[in-house]
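Novice: Take this structure first; my questions come after.
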Amino acid sequence: MTRTLASRMDRIGTETAFAVLARARQLEAQGREVVHLQIGEPDFDTPSNIIDAGVEALRSGWTHYGPAAGDPELRQAIVDYIRRSRGADYRPEQVLVTPGGKPIMFFLITALLEAGDEAIFPDPGFPIYQSMIEFTGAKAVPIALREENDFSLDVDELRSLVTDRTKLLIINSPANPTGGALSQADLEAIAELAIANDLIVLADEIYAELLYDGEHHSIAALPGMAERTVILDGFSKTYAMTGWRLGYGLFPEWLVEPVVTLMVNSNSCTSVAVQRAGLEALTGPQDAVGEFREAFMRRRELIVSGLNAIPGITCVMPKGAFYAFPNITATGMTSQQFADYLLEDYGVAAVAGTSFGAAGEGYIRISYATSEANLEKALGLIGQAVSALPVS
Ligand code: PLP
């Protein structure tokens with residue numbers, strides 16, 4: 001029996017947070033207690049009006065295949081939401097609904113890139129960007145996000161990375177894993193660069209509703225940008241719906257048909273009942289969104305001030321999302337060593353900064369999408385772990 005994989009499988013990466021979760025579960029099976037700070041999902045339940053809409057949809061016959069591109073009512077609601085929240089103009093035909101936001105990366109990058117192309121991605125950044133770019137055979141070019149810039153990007157540095165082969169630029173604001181956010185001035189400079197160099201921009205705005213300082217702006221709202229921007233967004237983070245798998249992209253017209261073809265070749269359509277729940281999420285009461293945001297803001301204060309109180313650890317205040325990205329270089333350990341040490345010796349599951357790119361060396365990612373009691377416990381354990389190390 002042949003067991004040879006296609007060579008393209010050598011080029012695909014993964015998301016380490018899931019591996020950390022698996023190791024944490026192993027330790028728990030051995031009777032160890034673990035504080036989970038590794039996974040990027042709200043700990044809240046989905047608001048009950050959304051659950052009711054999903055159940056009601058199942059009971060009333062939303063159990064058959066639907067259009068590959070998505071439920072027309074949901075696509076309209078998404079266009080209205082994006083116009084309301086971002087001031088960006090798309091038509092319902094440009095909205096493609098997918099099982100989570102992640103497939104938008106898979107579909108867009110597969111449709112767009114091939115060997116010989118270059119794509120610029122944020123480093124540290126969501127690991128699937130680099131993974132998917134490399135999977136297509138294209139060259140993945142990192143733009144470093146630095147602590148001294150509050151994890152925003154340096155537009156001059158970005159400009160220096162653009163070549164005549166650059167086809168795609170990925171931005172993510174507010175960002176995973178750093179919590180950084182791009183200002184309107186950054187977006188304007190990036191838009192100018194994208195237009196001058198004829199780049200497609202993938203704007204991953206999955207954390208748009210979780211910005212704590214200032215207002216979220218979309219690059220797609222800037223003049224000339226909707227026609228070259230794919231907005232990625234979804235329901236996982238905003239409405240605590242990670243397990244439902246519901247997300248979407250808003251695409252320039254010429255990309256719609258190729259992406260729908262990829263969808264027909266893979267998922268056929270997104271669960272139609274789940275899409276009805278999504279419609280309720282966007283058009284029903286929004287109180288829960290504000291409550292989640294307020295809870296995350298309190299936790300952000302708690303974790304960042306607690307980390308900064310530990311000698312040897314420093315942490316900038318994240319502007320959005322639900323991650324802290326503390327600098328751990330003073331421990332004398334690499335990111336991976338420190339993350340392993342925390343989990344194995346102290347039962348704190350966090351992710352090494354290098355899981356998000358080479359520029360993540362010297363950091364770990366802590367998800368504060370967990371209770372204040374868990375965060376207090378984790379801070380105590382991290383403090384003990386650091387104080388047990390030889391002073392460097
Ligand atoms: N984009 C970023 C930056 C993320 O952190 C995530 C999830 O962690 C996603 C996209 C995808 O989320 P989902 O597929 O659950 O919508």
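Novice: For segment 220-236: of the residues being within 16 Å of the ligand (Cβ to nearest atom) and farther than 13 Å from Phe251 by Cα, which is surrounded by the fewest Cβ atoms within 10 Å (Cβ to Cβ)?
Specialist: Per the criteria, the residue is Ser236.
Novice: Here's something else I'd like to know. Which of the residues belonging to segment 230-251 are in contact (Cβ under 8 Å) with a residue 60 or more places away in the chain and of a type in the set (Ser, Thr, Tyr)?
Specialist: Those that are in contact (Cβ under 8 Å) with a residue 60 or more places away in the chain and of a type in the set (Ser, Thr, Tyr): Ser236, Tyr239, Thr242, Tyr248.
Novice: Still on this structure, I have one more. Need the failing condition index for Pro174 against (1) more than 12 Å from the ligand (Cβ to nearest atom); (2) in contact (Cβ under 8 Å) with a residue 40 or more places away in the chain; (3) touching a Leu at 6+ places or on another chain (Cβ under 6 Å), just the number.
Specialist: Failed condition: (1).
Novice: Another question, then. Looking at Gly278, Gly320, which is the one that is touching a helix residue (DSSP H, G or I) at 6+ places or on another chain (Cβ under 6 Å), in contact (Cβ under 8 Å) with a residue 60 or more places away in the chain and not polar (S, T, N, Q)? Explain how you work it out, then say what you get.
Specialist: Numbers: Gly320 fails: touching a helix residue (DSSP H, G or I) at 6+ places or on another chain (Cβ under 6 Å).
None of the other options fit; the residue is Gly278.
Novice: Quick test for you: out of Ala369, Ala330, pick the one residue that is buried (at least 19 other Cβ atoms within 10 Å of the Cβ) and either among the hydrophobic types (A, V, I, L, M, F, W, C) or part of a helix (DSSP H, G or I) (or both).
Specialist: From the options Ala369, Ala330, the qualifying one is Ala369.
Novice: How about segment 147-156: which of its residues are within 22 Å of Glu205 (Cβ to Cβ) and either outside any helix (DSSP H, G or I) or not β-branched (Val, Ile, Thr) (or both)?
Specialist: Hits for segment 147-156 are Asn149, Asp150, Phe151, Ser152, Leu153, Asp154.
Novice: Identify the residue in segment 320-355 that is touching a strand residue (DSSP E or B) at 6+ places or on another chain (Cβ under 7 Å) and within 14 Å of the ligand (Cβ to nearest atom) and, among all such residues, is nearest to Leu27 (Cα to Cα).
Specialist: Residues of segment 320-355 that are touching a strand residue (DSSP E or B) at 6+ places or on another chain (Cβ under 7 Å), as a first pass: 320, 322-328, 335-336, 338-339, 342-343, 347-353.
Next, only the ones that are within 14 Å of the ligand (Cβ to nearest atom) stay: 320, 322-323, 325, 351.
On the way: Gly320: 31, Phe322: 25, Tyr323: 24, Phe325: 24, Val351: 16 Å.
Among them, the one singled out is Val351.
Novice: Which of the strands (runs of 3 or more DSSP E) contained wholly in segment 84-146 include at least 2 residues that are within 12 Å of the ligand (Cβ to nearest atom)?
Specialist: In segment 84-146, 95-98, 118-123 are the strands (runs of 3 or more DSSP E) which contain 2 or more residues that are within 12 Å of the ligand (Cβ to nearest atom).
Novice: If we scan segment 179-198, do we find a residue that is in contact (Cβ under 8 Å) with a residue 24 or more places away in the chain and closer than 23 Å to Ala68 by Cα?
Specialist: The answer is no; no qualifying residue exists.
Novice: Restricting to segment 34-50, name every residue that is outside any loop (DSSP other than H, G, I, E, B) and either within 16 Å of the ligand (Cβ to nearest atom) or modelled with pLDDT under 95 (or both).
Specialist: Of everything in segment 34-50, those that are outside any loop (DSSP other than H, G, I, E, B) and either within 16 Å of the ligand (Cβ to nearest atom) or modelled with pLDDT under 95 (or both) turn out to be His36, Ile50.
Every residue, every condition in (1) in contact with a Leu (Cβ under 9 Å, 6 or more places away or on another chain); (2) assigned by TED's automatic domain parsing to the domain that holds Gly353; (3) surrounded by fewer than 22 Cβ atoms within 10 Å (Cβ to Cβ); (4) modelled with pLDDT under 95, yes or no:
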| position | (1), (2), (3), (4) |
| --- | --- |
| Ala68 | yes, no, yes, no |
| Glu73 | yes, no, yes, no |
| Ile78 | yes, no, no, no |
| Glu93 | no, no, yes, no |
| Val97 | yes, no, no, no |
| Phe106 | yes, no, yes, no |
| Leu112 | yes, no, yes, no |
| Ala115 | no, no, yes, no |
| Glu118 | yes, no, yes, no |
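Novice: Of everything in segment 233-259, what is within 19 Å of Tyr323 (Cα to Cα) and not acidic (Asp, Glu)? Give them in sequence order.
Specialist: Listed by number, the residues that qualify are Gly234, Phe235, Ser236, Lys237, Thr238, Tyr239, Ala240, Met241, Thr242.
Novice: In segment 131-154, what count of residues is obtained for those that are in contact (Cβ under 8 Å) with a residue 60 or more places away in the chain, under 17 Å from Ala185 (Cα atoms) and touching a strand residue (DSSP E or B) at 6+ places or on another chain (Cβ under 6 Å)?
Specialist: Of the residues in segment 131-154, 2 are in contact (Cβ under 8 Å) with a residue 60 or more places away in the chain, under 17 Å from Ala185 (Cα atoms) and touching a strand residue (DSSP E or B) at 6+ places or on another chain (Cβ under 6 Å).
Novice: Assess whether Ala17 counts as being under 27 Å from Pro127 (Cβ atoms), within 16 Å of the ligand (Cβ to nearest atom), not in a loop (DSSP other than H, G, I, E, B) and not assigned by TED's automatic domain parsing to the domain that holds Glu215.
Specialist: Yes: the conditions hold for Ala17.
The values are calculated or read from the model by the stated rules, or taken from the named source; none is laboratory data. Quick caveat: nothing in here was measured; it's all calculated off a predicted structure. Don't worry about glycine lacking a Cβ; one is built from the backbone with ideal geometry, like all the others, and counts go over all protein chains shown.
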